[in-house]
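The values are calculated or read from the model by the stated rules, or taken from the named source; none is laboratory data. Note that the coordinates shown come from a computational prediction; the quantities given were computed from them, not determined experimentally. Note that each Cβ is placed from the backbone with ideal geometry, even for glycine, and that neighbours are counted across all protein chains shown. Each accessible area value is taken on the protein alone, full model and side chains, heavy atoms only, with ligands, DNA and RNA left out. Shrake-Rupley method; radii C 1.70, N 1.55, O 1.52, S 1.80 Å.
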Amino acid sequence: MSGETPEHEIQLDAFAVDVRELLSRTVASLYSHLITRPTGRAVRMAIEAQLGELEGPTLSLVDFSSVSVLDYSCADEVVAKLLLGIREGDPVEGEFFVLFRGLRAFHRDPVMEVLERYDLHAVVESEGSAVELLGPAAPAERALWARVEDQGRIPASDLEDTLDPEDRDALHRLLRSRSLFRDPYRGDLYALTELARLLDP
Amino acid sequence: MRVLDLPQSLDYRSVGEVMERAVECRGEKVLLDGRRLRFVDPVGMLGLLGNGRYLGEGSGAPPRLALDPDSDVHRYLARMNFFEAAEGVLAVEGVARPRRGGASDVLLEITPIAENRDVHALVEHIQDRAGTILSRTLGYPPSAVIQFAVILSEVCQNILEHAGAPGWVAAQTYQWSRRLGRQVLVLAVGDLGRGFRGSLEGEHAGRFGSRWGDATALEAAFIHGLTRFPDQGRGQGIQQIRKQVRRWGGVISVRSGRARIADSADWEALPPMEDGLAPFPGAWITILLPAAEGAGE
């Protein structure tokens, strides 16, 4: 799938993952909770297998809205290890991004805990549609991420004039953690939610 | 035949004494005499099962258990599925097994945990009942049922990932009129597996040198979140359980081998660490969660 901006077309694939649906398909149809490490591992590997079939930059929309119980072992597998694998290019190589959706209040503790443990960021759309950068980010990273999130897209030409050295470090870290997307051709910065909006059929 | 008298109240406070005496009787035929038993909580029930299996493995035959068939304790044990769990573990003497009733006020009957799917089944099963008890009886917010399910999941995974042997879990609430003036939820999890020391030994014993033992292993897992897995994401379960228990003003203790470690509350001050206990195998976790102040008034 690809989305269009008024100026040009972004070459990006997207796919949506309903975690509950994936859980019933890959683990057991009787399970409705994201609990225990083997279950989390199976769900993560199913997502990675889908990512492995795609070549270009890809946005994965991982939806937790139908999951009620998420324990720490599963958060470790489905959030932390998935993000870590994407960042490190192991086991799937490629430019992948994850937007977690449908996060509920009682999912936050396990998710925050595992992000903290691995020093990872996650872009999360909570129920009620508040979007946040979760995880241990520096103030400059949070500020820059929030700026891009507010605007949706910042053209490369606007960036050059407004980033000080601290912002440039922050940008580097946000791109490394796949919390923002940079158009490889034009250099424009995109919030993941903006990509999701553009790619939504 | 050695007779091991059970106390009148077999609960998280007294079960340790029974374990101590079971270690002394290991290898002999034993009668667990529970005819005076008048109160038993989930920790006591799992302790009885653990003693039964431990003594049975030592002597080659399940020890006998005598109970007063007319006592409330007997009926209560039946409601908690104790007699089903005791099959092959204890030879319960001379009483017909009472039939269980329909609807139950039990929070969680004794449930064996041997596989991943047992944890899933447990969490599915307990949602409705736990929701009612946690909110109405303990006065916890509605979201507590999810946090409680997470605790259950993590604590049962401790059996699967570290014990290398099956275990049991059970929970119930009680009115602690004298001690606290509030309801308390008692959650017990136990197994006869390799224990924390056995689980961590291969990976961590070397760095502790001569200090290595049950107490240091418990400290390493309970305080520092060490596990035998090199994976950075492991070892969070027990840390998060401790955090949540603390938020609810509760108590958690873990006995493994010769040691017991605990996080106390002002209403129940357990020693932070006990060492030199009798070497009872496995890991025995007790969690006590008090009702919120003002709940049920």
* Structure fact -> When the range A:130-143 is checked residue by residue, the ones that are part of a helix (DSSP H, G or I) and open to solvent by 30 Å² or more (accessible area, probe 1.4 Å) are A:Pro139, A:Arg142, A:Ala143
* For residues that are within 17 Å of the chain's Cα centre (by Cα) and assigned to a strand (DSSP E or B), tally how many sit in the range B:29-85. => 2
* Please give the number of the condition B:Thr227 fails out of (1) modelled with pLDDT of 95 or more; (2) touching a Gly at 6+ places or on another chain (Cβ under 9 Å); (3) within 14 Å of chain A (Cβ to nearest Cβ). => (1)
* If you go through the range B:216-226 one residue at a time, do you hit one that is touching a residue at least 12 places away in the same chain (Cβ under 8 Å), part of a helix (DSSP H, G or I) and under 30 Å from B:Ile133 (Cα atoms)? -> yes
* Asked: Which of the following residues is charged (D, E, K, R) and in contact (Cβ under 8 Å) with a residue 40 or more places away in the chain: B:Arg36, B:Arg26, B:Arg53?
  -> B:Arg53
* Looking at the range B:76-131, which of its residues are modelled with pLDDT under 85 and polar (S, T, N, Q)? -> B:Ser104, B:Gln127
* Asked: Looking at A:Tyr185, is it farther than 30 Å from B:Gly235 by Cα, open to solvent by 40 Å² or more (accessible area, probe 1.4 Å) and among the aromatic types (Phe, Trp, Tyr)?
  -> yes
* Kindly check whether there is at least one residue in the range A:92-100 that is within 25 Å of B:His125 (Cβ to Cβ) and surrounded by fewer than 23 Cβ atoms within 10 Å (Cβ to Cβ). => no
* **Members of the range B:264-283 that are open to solvent by 30 Å² or more (accessible area, probe 1.4 Å), free of Cβ contacts under 8 Å to residues at least 60 places away in the same chain and closer than 25 Å to B:Arg182 by Cβ** => B:Ser264, B:Asp266, B:Ala269, B:Pro271, B:Pro272
